[in-house]
Amino acid sequence: MKITVENGKLVVPDHPTIPYILGDGIGRDITPVALKVFDAAVEKAFNGKRKVEWKKILAGEEAIEKFNEPLPQETIDTIREYVIAIKGPLTTPVGGGYRSLNVTLRQKLDLFVCFRPVRYLKGVPSPMKHPELLDVIVFRENTEDVYAGIEWPYDSAEAKEVSNFLKNKMGVELREDSGIGIKPISVFGSKRIGKAAIDYALKYGRKSVTVVHKGNIMKYTEGLFKNVIYALADDPEYKDKVITEERVKSEFDGKAPEGKIVLKNRIADAMFQQLLLRPDEYDVIVTPNLNGDYLSDAAAAQVGGLGMAPGGNINFNTHIALFEATHGSAPKHAGKNEVNPGSIILSGAEMFEYMGWDKVKYMLIDAIEKTIAEKYVTYDLARQIEGATKVSTSEFGDRIIKNLEA
Ligand code: NAD
């Protein structure tokens, strides 16, 4: 049965159909293992009362083989129709009409949040002394900023035209040989992601939302982003639930009133140091596209790397969501049954929470932690954990299944 949206809310039947994209390269190794783990976890969590019907949809190399087109319209329409989907990594086609299949999917489905939870899993090797102190969710804006794809090569007629416009109409002179990109950040885009981040913090009992920006320099883009989200603290919808850090300091002696979410802001460059030195002061983070790209990977590295980082691309208004492995298709490891399926399994865990099947998420996390504690891990972890035994992708999956506890 289809997952639907009724009166603005997700309605998830006991036997939902969820489309999946296998993915290129190591997608073929990790995705089938992940689906097997998901089935076992759902069965155990609900004693067989619930079960996912997986519906295969094509993108990337498989779609090229069948349709001579890496991202068929049918695939996009199916995700829209079934509301929630999950994908393996897709190789970015070299040349041709696509900048990136992932970016195209995000834009076509208007998945305006790149949702990246970062939390430490016990036993994962990390460069930090206390990696467990970091537990944040990055809300990276997905549709605007210099990533919107509005750019022209230095020697193109378009760049020349824009350059002439700037010179003649705006009195701004660029070097002749400049490539030009545009950085749009809108009130609309900033407000909807700000609301999504605050709503998430309220729903899951998080303590703060921090806007990370470079508004000190880019006043009318990143500064706008910060101001629009900060203004939500005075919005009738939020003013009883949200308070700015500045007000907490000036009116409440630095101690936030019980039950209110604290809205903070940090300059992007300073935030990298903050996450290293004071990780426990941050919770939900909301940031424009480029900052978010760097920050979510840096935060993931802090808790032990990208190999196991979960993620999803979500439109919190239409509820359409595409969860994904955050790493790429690693072609040199493809078909060898050796890579870590952790990222896609943990992305699935987030997907189950998003569906309201929270129990499955915590079972999956516990089972992965237990498997790592037993030191039977894939090569990437085995080489960093003393006394570990290296196992294949599928064996790692089977061991996770064995460690599932309701
Ligand atoms: P990559 O993430 O595919 O691989 C880099 C290295 O990371 C690998 O060589 C491997 O050593 C390690 N690695 C990645 N995933 C791993 C896993 N699950 N287990 C163990 N080790 C793992 O990055 P890349 O080589 O830069 O990109 C390859 C292709 O993937 C490119 O076409 C790129 O555009 C694409 N890509 C796709 C996505 C996505 O679909 N979301 C994300 C990033 C890159």
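Computed quantities for the displayed model
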quantity	calculated
Positive-pole candidate from ILE320, PRO310, LEU381, dipole of the range 294-406, charges at beta carbon	LEU381
The chain - charge dipole about Cα centre, Lys and Arg +1 at Cβ, Asp and Glu -1, debye rounded to 20	580 debye
When the range 288-381 is reduced to its Cα atoms, the Kirkwood hydrodynamic radius in Å	14.6 Å
Helix-only mean residue ellipticity at 222 nm for the chain, each DSSP H run of n ≥ 4 adding -39500 (n - 2.57), per residue, nearest 500	-12000 deg cm²/dmol
Counted charge near ASP145, where neighbours are those whose Cβ lies closer than 10 Å (Asp, Glu -1; Lys, Arg +1)	-2
Relative packing of peptides 278-284, 140-146, 108-114 - highest average C-beta neighbours within 10 Å first	140-146, 108-114, 278-284
Point-to-point label distance, MET170-GLU69, nm (Cα→Cβ direction, 7 Å offset)	3.6 nm
Using a Förster distance of 45 Å, the FRET efficiency for VAL5-GLU258 (Cβ separation, nearest 0.05)	0.85
The range 179-300 - percent of accessible surface contributed by carbon and sulfur, probe 1.4 Å	54 percent
At R0 = 22 Å, FRET efficiency that the Cβ-Cβ distance of THR318 and ALA231 yields, to 0.05	0.40
Stretchable slack from ILE385 to PHE188, in nm (0.36 nm times residue separation minus alpha-carbon distance)	66.3 nm
Radius 11 Å from Cβ of GLN73, net charge of other residues (Lys, Arg +1; Asp, Glu -1)	-1
Antiparallel bridge percentage (DSSP; both residues within the range 1-103; nearest 5)	30 percent
Nonlocal amide H pairs with ARG266, under 5 Å, H built at 1.01 Å	VAL211, VAL212, HIS213
Unit charges at the beta carbon, dipole of the chain: most positive-side option, ILE261, PRO70, GLY88	ILE261
Net charge of Cβ neighbours under 12 Å - reference ILE267; Lys, Arg +1; Asp, Glu -1	+2
Whole-Hz couplings from phi, Karplus 6.51/-1.76/1.60, listed for the range 62-68; x for Gly and Pro	4, 6, 5, 4, 8, 10, 6
Charge dipole magnitude, Cβ of K and R +1, D and E -1 - the range 241-372, Cα centre, debye nearest 20	100 debye
Built amide H within the under 5 Å cut-off of ILE84, gap 5+	ALA321
When the convex hull of its Cα atoms is projected in every direction, mean area for the chain (nm²)	22.5 nm²
³J(HN,Hα), Karplus 6.51/-1.76/1.60, whole Hz, each residue of the range 242-254, x for Gly, Pro	10, 9, 6, 4, 4, 5, 4, 6, 7, 10, 10, 6, x
Length released on extending from ASP199 to LYS336, taking residue separation times 0.36 nm less the Cα-Cα span	45.1 nm
Sequence ranges 164-177, 48-61, ranked by mean other-Cβ count within 10 angstrom, highest first	48-61, 164-177
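The values are calculated or read from the model by the stated rules, or taken from the named source; none is laboratory data. Please read these numbers as outputs of a predicted model, since none were measured by experiment. FYI the Cβ positions are ideal-geometry reconstructions off the backbone, even for glycines, and counts take in every protein chain you see. Only protein heavy atoms, including side chains, enter the accessible area calculation; ligands, DNA and RNA are left aside. Shrake-Rupley method; radii C 1.70, N 1.55, O 1.52, S 1.80 Å.
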